[in-house]
Amino acid sequence: MELARRQERGVEVVVLQGRLDAFTSNAVEQQMLGLIDGGVRRMIVEMQDVGYVSSVGFRVLLVAAMRLRELGGGLAVSGLQPAVREAFEFGGFAAVFPAFATSNEVLERWG
Amino acid sequence: MGLTSRSHDPGGLVLVVDDVAENRELLRRRLEREGHMVIEAAGGAQALEALGCAPVDVILLDIMMPGMDGYEVLERLKAHSDWSRIPVIVISSLDQMDSIVRCVELGATDYLHKPFNRVLLRARVSVCLEQKRLRDQEQRQYRALEESQERLRAELAEAAAYVMSLLPTPLRGEVRADWEYIPSASLGGDALGYHSLDADQLAIYLLDVCGHGVGAALLAVSILDALRPGALGEATAADPGAVLATLNGRFPMERHNNMYFTAWYGVYRRSTGELAYANGGHPPAVLLPPGGAKPLRLTAQGIVVGAWPDAHFETARCRVEPGSHLYVFSDGAYELARADGTLFDYGGLVELLQIDAARPATESGLNLSQDIARLPGDAFEDDFSMLRVAF
């Protein structure tokens, strides 16, 4: 999937669509890591249009989040659909990157 | 004019089919001069016989022949799995365009008029030869692909069989344990087990490696080995949080092809009826108390294993009443798409577990996959693994 992006208040907002699985995650990972290499330190991943995330998909988010934390920044996800939200909670990923209902909530928190 | 030697275009084997010997002879001379080898057939029956013995590349076929005519030969060729790939040039007289069209409809590649124009003969035979070569190459590549896919399937099946061979036999006695493991076609990296730590304590565990394929299965086997009786040391093995922390340190993602895994690990103490458990990113286990009481989700704080060096894995505890049922499973047991597009989910699975727990205990073991498979439209995409302990 091609990443739609925008900047808001110094934060990179990345919009994902469809499925995040073995077929799509490589391309997404490359683009996200590319953004981080290019200087992005705070990233929000909007996922209201993502219907399914596999373990490989969560790994992409995890790797990006850990790299951003190492660099003093962070990653958050927003708009998780119910099934994806459940998988996110089971996986315990909140310890590394939080999930919020909307990107605005994230931006509020990050000031 | 001697042989025209075209080093980039070696000749092929041409079958000439014509009831008139002179016509065959004329074509033979012309074709041999072009560097081709020629077989002759005086009629349709002979032509089919020749095809059975020789690797013909191109057929020159007279339409008008007594006995089996050109049309019938074409029909026979088209119906044959190998011969249908051999290009056919039909030979006709100038006023036979209708016949030629019919031949093309029956699968002929091209046509030639009598008397033969040498240049056209050479060109059309050459094109057909090229076409045959391409078709042959395609066929070889297709077969090679099929073979390698078959090898891959066989390798996955072997890996699945090996994982299966490591799983424990059903437990019988005061505490009964059964499991169900159905690896998916792409092998999802699930593994499970239980074993006594000592006379009093029973360890129960199930894990799910991220991704699919032999790689995931290999890691699953490594982790199972790290959990085997005696591997962890007495103190650690009885402490679920410590077990996951040990695995987390021993299997960091970056040293295992970037694969993390989820794991649920519990220790049941028979003397007290207490179950201690830890959860590394795994779907919560489900405890069904006796008498149809409300199901309990057994989960504890912990992220997926191998991902985060600083991770902490909480140990939670609960009391298990006699007559309870514990179900531990991977997400392959409930992440199924239904025919109507909705997902069968964790909640739906819990409902099925309640039905299973209410069944009288039999010797036949666990068969939940069938209950799930009976739901309309569901198909297992991932490994199905489920462990049930009856207390």
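Just a few scattered comments:
- Radius ratio Rg over Rh of chain A, counting only Cα atoms, Kirkwood formula for Rh: 0.91
- Bins of 20 Å, starting at 0 and running to the largest distance - Cα pair percent for the protein assembly as shown: 20, 34, 18, 22, 6, 0
- Between the range B:151-179 and the range A:41-111, the Cα center-to-center distance that results, in Å: 35
- Pairwise label distance in nanometres, B:MET97 with B:VAL350, each label 7 Å out on the Cα-Cβ vector: 7.9
- Extension gain, B:LEU296 to B:ARG359: 0.36 nm times the residue separation minus the Cα-Cα distance gives 20.8 nm.
- Calculated Rg and Dmax of the range B:48-205 using C-alpha coordinates, Å: 30.9, 99
- Helix B:21-33 axis, angle to chain B major axis (alpha carbon atoms, nearest 10°): 70
- FRET efficiency for B:GLN137 and B:ALA235, using Cβ-Cβ distance with R0 set to 56 Å, rounded to 0.05: 0.30
- Solvent exposure ordering (accessible area, 1.4 Å, most first) of B:VAL119, B:VAL305: B:VAL119, B:VAL305
- Averaged over peptide B:211-223, the number of partner chain Cβ atoms lying within 10 Å of each residue's Cβ comes to 1.
- Accessible heavy-atom area order of B:TYR327, B:TYR71, highest first, probe of 1.4 Å: B:TYR71, B:TYR327
- Tilt relative to chain B, helix B:346-358 - C-alpha long axis, 0 to 90 degrees, to 10: 70
- Accessible area in square angstrom per residue, chain B, 1.4 angstrom probe: 48
- Per atom type, chain A shows carbon and sulfur on 47% of its accessible surface, probed at 1.4 Å.
- Accessible area expressed per residue, chain A, with surrounding protein chains retained (probe 1.4 Å, Å²): 45
- Of B:HIS282, B:HIS80, the residue with the largest accessible area leads and the full order is B:HIS80, B:HIS282 (1.4 Å probe).
- Compared with the dominant principal axis of the Cα atoms in chain B, helix B:240-250 is inclined by about 40°.
- Cut-off 12 Å between beta-carbons: net charge of the residues surrounding B:LYS114, Lys and Arg +1, Asp and Glu -1: -4
- Summed buried accessible area for B+A [probe radius 1.4 Å, Å², rounded to 100]: 1500
- Added length on full extension, which subtracts the Cα-Cα distance from 0.36 nm per residue, B:GLU49 to B:ARG255: 67.9 nm
- Value in Å of the Kirkwood radius, where the range B:186-253 supplies the Cα pairs that are averaged: 12.5
The values are calculated or read from the model by the stated rules, or taken from the named source; none is laboratory data. Values in this document were obtained by computation on a predicted structure and should not be read as measured data. Ideal geometry is used to build each Cβ from the backbone, glycine not excepted, and the neighbour counts take in all protein chains shown. Please note that ligands, DNA and RNA were not included when accessible areas were found on the heavy atoms of the full protein model with its side chains. Shrake-Rupley method; radii C 1.70, N 1.55, O 1.52, S 1.80 Å.
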